[in-house]
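These notes concern the structure reproduced below.
The values are calculated or read from the model by the stated rules, or taken from the named source; none is laboratory data. Given the structure is predicted, the values throughout are model-derived calculations rather than measurements. Neighbour counts run over all protein chains shown; Cβ positions are idealised from the backbone, glycine included.
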Amino acid sequence: MDEIDRLIAQLKSPDKKERERAANRLKELAQESSQDPGLIKAVTPLADALKEEGSTGHYAAHALGYIGAESIPQLTRTLNEDNLTGRNNAALAVETMAHRYGDLGKLEEVPGGDRALLMITPLVRDLRYKHLRFNASSALHYIAEANPGNPELEKIIPELISMMKIDTDAYPIIKALGVIGSPKAILSLVGMLANKENAVRVDSHEALVRIIDKCESAKKLKVVEKRLVRGFASLLEKHTKANETQFFHMKFAQLMNAIAKQRDMLAVDKGILLDDKPKPPKRKQGMYRVLARSCY
């Protein structure tokens, strides 16, 4: 019996400490050499260990993440089961996998990583559980990074927005909205710029910039700009203190500069000149002038 076989047997020990040591050692082996074919036979027992609370479940999650894409079918199975601990650890495994196989925390470099799309539905469901939300939202963020432009991700935007408003501690939700890059998230992200937590404001601003950077046509860029104007106009109507309005004007100016840069890039790429600014909606003309005064 080789070491991996012995560790697999040890995972089923009635002794909690023995199970913990086995999971930790498998994690170390996977971290050292994830390409070892012997580790593949440990995937199913490690997936079963995800359901155990404490260190054993965490070690199993990291081990499966280091093993990589071969773990995805088992992780998807666990995410669709009733055990909440198992689901939370399965999401943690996706995070580990992303960190291991991509410099920017992406799954795209994992062979077969596109199968991670099958995890979207159960992960979105787990956003509704506060103690599962952080890992679930982190996993969704990484899956979005690995699958840019996938229509399945567009479908989850309403749920992400809803959860973002409930729990701003789950900042990966904000990051996921930026990665998905849909203008549908703009009004909600602009609203988050009024949050009292600086980290939330920073992440929201970065998400808005990512949405701008993902615009590949002048038409989409105009949609983004109009929604930004609406969002900031609404903020200025609700927040009238001098320090607040100064902050919003500064953020608006930064985002308009990002739009101008993206517009220039599109013009260069297509060899055309685009309008300097789109005409704002009539009902917001006055507010647009107030916002634009600080930028142009």
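One table, with the values for the structure above:
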quantity	calculated
Yes/no for ALA22 being in a helix (DSSP H, G or I) and at pLDDT 95 or above	yes
Which listed residue, of THR240, THR245, is assigned to a helix (DSSP H, G or I), free of Cβ contacts under 8 Å to residues at least 24 places away in the same chain and closer than 15 Å to GLY191 by Cα	THR245
Odd one out for LEU104 among (1) closer than 26 Å to ASN150 by Cβ; (2) modelled with pLDDT under 95; (3) crowded, with 22+ Cβ neighbours inside 10 Å; (4) out of contact with any Ser or Thr (no Cβ under 7 Å at 6 or more places or on another chain)	(3)
GLU145 being closer than 29 Å to MET265 by Cα and part of a loop (DSSP other than H, G, I, E, B)	no
Matching option when the condition is surrounded by 15 or more Cβ atoms within 10 Å (Cβ to Cβ) and farther than 17 Å from ALA258 by Cβ, among LEU221, LEU236, LEU189	LEU236
Set ALA98, ALA60, ALA30: member being buried (at least 22 other Cβ atoms within 10 Å of the Cβ) and at pLDDT 95 or above	ALA60
Matching entry among ASN83, ASN88 (being more than 20 Å from LYS155 (Cα to Cα), under 17 Å from the mean Cα position of the chain (by Cα) and modelled with pLDDT of 95 or more)	ASN88
Residue that is nearest to LYS17 (Cα to Cα), among those in the range 60-81 that are assigned to a helix (DSSP H, G or I) and in contact with a Pro (Cβ under 6 Å, 6 or more places away or on another chain)	LEU79
Complete set of residues in the range 132-171 that are surrounded by 15 or more Cβ atoms within 10 Å (Cβ to Cβ), closer than 17 Å to LEU92 by Cβ and among the acidic types (Asp, Glu)	GLU145
Residue match in the range 194-202 (condition: touching a helix residue (DSSP H, G or I) at 6+ places or on another chain (Cβ under 8 Å), buried (at least 23 other Cβ atoms within 10 Å of the Cβ), part of a helix (DSSP H, G or I) and of a type outside the set (Ser, Thr, Tyr))	no
Candidate set from the range 120-176 (those that are closer than 21 Å to GLY65 by Cα and among the aromatic types (Phe, Trp, Tyr)); member that is modelled with the lowest pLDDT	TYR142
